[in-house]
1. Please report the net charge: other residues with Cβ closer than 13 Å to the Cβ of PHE113, K and R +1, D and E -1.
2. What list of ³J(HN,Hα) couplings, whole Hz, do you get for the range 120-127 from phi and the Karplus terms 6.51, -1.76, 1.60, once you set θ to phi - 60° and write x for glycine and proline?
3. At a Cα cut-off below 16 Å, give the lysines reachable from LYS133, other chains included and same-chain residues fewer than 8 away excluded.
4. Search the structure for amide H atoms under 5 Å from the amide H of GLU46, placed 1.01 Å from N in the peptide plane, and list their residues when 5 or more places away or on another chain.
5. Whole-Hz Karplus ³J(HN,Hα) for the range 17-22, in order, using 6.51 cos²θ - 1.76 cosθ + 1.60 and θ = phi - 60°, x for Gly and Pro?
6. Would you grab the residues whose amide H sits under 5 Å from the one on CYS121? Only those 5+ places off in sequence or on another chain, please, with H modelled 1.01 Å from N.
7. Read phi for every residue in the range 79-94 and hand back ³J(HN,Hα) as whole Hz from Karplus 6.51 cos²θ - 1.76 cosθ + 1.60, θ = phi - 60°, with x for Gly and Pro.
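Just so it is clear, none of the values below were taken in a lab; they were calculated from the coordinates. Worth saying up front: this structure is predicted, and the values here are computed from it rather than measured. Reconstructed Cβ throughout: ideal geometry from the backbone, glycine too, with neighbour counts over all protein chains shown.
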Amino acid sequence: MLAVGFADDVRHFTAVAVWLRDKFGHRIRVATHPDYQAQVEGCRLEYFSLDGRCKQHGGQYGGGCGDYDAFDAQEWIKSRGPAEREKWKESVYAMLEDSWRACVAPFSDGSPFIADAIVACHKEFAHLHCAEKLGVPVHVLSR
């Protein structure tokens, strides 16, 4: 699960993850910002860090953490100089890489992991690319 956004967004994801674990026995990784690690682990779910995503992208380029709905990337890019646009591109690449690692990096106990489905927040933008590359279904969860 790629949970990007505020605490309420992550809370909805953990509720669905707990239901999937308890009802169907799935082992679920919830990838989100470090601010929500305790919330995820408090539900006895596997946490994966999407470190820096909120501070690096959301805070600099479009409002607060997870406030991508109001962010118009094309307008932002047009209004910036070349150095700032390059920095933004590097940031986006880092976020795509973060999301990809969330889908394929081993579990914290060292056991292998490759996502067989992706559930993502509408504020996440790498989920479609990851699902396409893995050939797995994707579901967008919105509250």
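1. Values: positive: ARG27, ARG29, ARG101; negative: GLU46, ASP109, ASP116.
Value of the local net charge: 0.
2. Ordered by residue, 3J(HN,Hα) equals 10, 7, 5, 7, 7, 10, 9, 4 Hz.
3. none
4. Residues meeting the criterion, in which the H sits 1.01 Å from N, are ILE28, VAL30.
5. After applying 6.51 cos²θ - 1.76 cosθ + 1.60, I find 4, 4, 4, 5, 5, 6 Hz.
6. LEU2, VAL4, LEU141
7. 8, 10, x, x, 5, 5, 5, 5, 4, 5, 4, 4, 5, 5, 4, 4
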